[in-house]
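Inspection log for the structure reproduced underneath, given as structure tokens.
Each reported figure results from applying straightforward, stated rules to the coordinates on display, with no laboratory input. Owing to the predicted nature of the structure, the values given are computational and were not obtained by experimental measurement. Note that each Cβ is placed from the backbone with ideal geometry, even for glycine, and that neighbours are counted across all protein chains shown.
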Amino acid sequence: MTLRYITVEAEGAVTTVTLAREALRNAINEAMLEEIEYAFRKPPPGTRCFVLAAKGAHFCAGLDLREHYDLDRTPIEFMAMCQAWHRAFDVIQFGGIPVIAALQGAVVGGGLELAAATHVRIAEEGAFFALPEGQRGIFTGGGATVRVARIVTPARMVDMMLSARTYDTRRGLDLGLCHEVVGAGEGLGRAKALAAQVATHPPTTNFAIVTGIARIGDMSATDGLFAEGLLAMAVQTNPDIRDRLEAFFSRKTGRLEPKGG
Ligand code: 1HE
């Protein structure tokens, strides 16, 4: 596929997907959405962790409102559009490969929906989170009612949509919209460093972490415990982990330190 709105760059086991529509604040049109889905569905061989980044001062302003206005979609056409967003973001969340997001500036509307599909979110100072759809007279359609509501609670999502309030990185961290805050200009470097470390985990371990926990959240407790056992059955008996355990016994690996973060 010829990529026009994003770039994809493989560096060893880490592949960086970058939104590259800076002039329109990385607003997502139909073609860009297809490119995003393609990038995560067909990773370069050997990819063990993704970084999702964005060019310019803002991560993503959400749905391309201009395209939406110009296409004047029918209800059925917009339903199909929502399903395309859901499909693409499901590939990000459930593709089995961890995705670390580097966020700056506006992470709003569909941009927050995109970020919420990633597994670890590193935000630069100055980043902000919002769901301004209500203010525009529209509704979310890229998965926020599921993903964002589960992060911040459904009640808070109602408030975010009615008030269009913005949360800075401090509040974003408290609410779980981001997991780490770094200085301006440091997000991509930190995301790549974390991705390089995550990429050293056995792929089946990462698969279980990024797919299992969210899937089990949809299950009853009984089914969830059973599913957890099945995942652990595959992961804990993987021969690849024996070397790691031996390294722990022989003190070749560092110990956890209670330094927080
Ligand atoms: C856009 C879009 C867009 C900017 N679609 N063109 N999302 C929103 O409601 C967010 C709308 N955007 C903003 O609030 C601001 O643009 C930002 C806070 C992100 C950035 O502000 P700023 O001052 O840096 O840029 P700007 O001057 O507002 O925008 C620069 C250009 O990008 C300008 O076009 P220009 O031709 O006048 O230069 C803007 O029109 C354009 N632009 N955002 C199209 N979103 C599946 S449903 C998902 C639901 C949604 O995501 S709704 C969208 C919510």
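So the values come out like this:
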| item | result |
| --- | --- |
| Backbone N under 16 Å from the Thr7 label point (7 Å along Cα→Cβ), restricted to segment 82-113 | 102 |
| Cα-based helix-to-principal-axis angle, 187-198 vs the chain, degrees rounded to 10 | 40 |
| Under 5 Å, built H, 5+ apart or other chain: amide partners of Leu103 | Ile122, Ala123, Glu124 |
| Of every Cα-Cα pair in the chain, the percent that sits beyond 29 Å | 32 |
| Cut-off 13 Å between beta-carbons: net charge of the residues surrounding Arg41, Lys and Arg +1, Asp and Glu -1 | -2 |
| For segment 25-79: relative contact order, % (alpha-carbon pairs under 8 angstrom, 6 or more apart) | 58 |
| Angle in degrees between helix 154-163 and the longest Cα principal axis of the chain, rounded to the nearest 10 | 30 |
| Given charges at beta-carbon only (K, R positive; D, E negative), |dipole| of segment 158-203 in Debye | 80 |
| In sequence order, calculated HN-Hα J values of segment 247-257 (Karplus, 6.51, -1.76, 1.60; Hz; x Gly/Pro) | 4, 5, 4, 8, 6, 7, 9, x, 9, 5, 10 |
| Proximal charge balance of Asn206 [Cβ under 15 Å; K/R count +1, D/E count -1] | +2 |
| Fully extended contour minus Cα-Cα distance, from Ile213 to Ile241, at 0.36 nm per residue | 8.1 nm |
| Globularity index of segment 74-198, i.e. its alpha-carbon radius of gyration over 2.2 N^0.38 Å | 1.05 |
| Proportion of all alpha-carbon pairs of segment 167-211 beyond 17 Å (%) | 51 |
| Segment 84-94 - phi-based ³J(HN,Hα) in whole Hz, Karplus 6.51/-1.76/1.60, Gly and Pro as x | 5, 4, 4, 4, 5, 6, 5, 5, 5, 6, 10 |
